[in-house]
Amino acid sequence: MTNLEFLRMKIPDKDITNQLFTDDELSEIIKIHSEIKVMQATQMDVDSKVFKIPVYRLDETYVERIFIGLPYPENELTSGFTMDKEAGIIYFDDAVGADVYVQAKVINWNDVLADCYEMIMGDINKLNSYSIQNASQQMDDTKAHLRYLVNYYRSPRGWDL
């Protein structure tokens, strides 16, 4: 599943004949809320071969850089691993006996979703096409629901506090 398909699933905007957003619009929103970060990976198994970074669904086009030890260019690993971009998991061929750092392009999905819901709320054509679980709603009820979703995704949660 691509990041665009994932985002259409989250909005929801999967109806091919009546899509709320074009692919270009969604790609631009994803691009705006993407940034390159260096993160430390956490060991997930006893064999030191599986590590996880604290994000999921990384940018599809960016090539991640893996570092063994401190994140310096001379510590970069170019082979001997497989990166699962959707789950944020690194599988190493051999055991790793040091810290693992990953440079990746991370998408802030909460901000992406908040922007999408703000755009739906602000565009009367998108608002008329948006439905909440196929239930008939008054426009004020739909706007209130969208405002709630925007506030939910924009509010600090977890480690952001």
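The values are calculated or read from the model by the stated rules, or taken from the named source; none is laboratory data. On a predicted model such as this, the values are computed, not experimentally measured, just so you know. All Cβ positions, glycine included, derive from the backbone under ideal geometry; neighbour counts span all protein chains shown. Ligands, DNA and RNA are stripped out before the accessible areas are found, and what is left, the full protein with its side chains, is counted by its heavy atoms. Shrake-Rupley method; radii C 1.70, N 1.55, O 1.52, S 1.80 Å.
Annotations for the structure displayed:
- Between LYS10 and ASP45, full extension at 0.36 nm per residue minus the direct alpha carbon distance yields a gain of 9.5 nm.
- All other residues whose Cβ lies under 9 angstrom from that of LEU58 are scored, Lys and Arg at +1 and Asp and Glu at -1, for a net of -1.
- Remark: the stretch 34-107 carries 56 Å² of accessible area per residue (probe radius 1.4 Å; ligands, DNA and RNA excluded).
- Sulfur and carbon atoms: percent of accessible area, the stretch 34-107 [1.4 Å]: 52
- Taking MET44, MET39, MET121 and ordering them by how much accessible surface each has at a 1.4 Å probe, largest first, produces MET44, MET121, MET39.
- Reachable aspartates and glutamates, given that their alpha-carbon falls under 16 Å from the alpha-carbon of LYS10 and they are not under 8 places away in the same chain: ASP23, GLU25, GLU86, ASP111, ASP115, GLU118
- Projected over all directions and averaged, the alpha-carbon convex hull of the stretch 34-107 occupies 4.4 nm².
- Residues whose amide H comes within less than 5 Å of that of ALA41, counting only those at least five positions distant or on another chain, are VAL100, TYR101, VAL102 (H built at 1.01 Å from N in the peptide plane).
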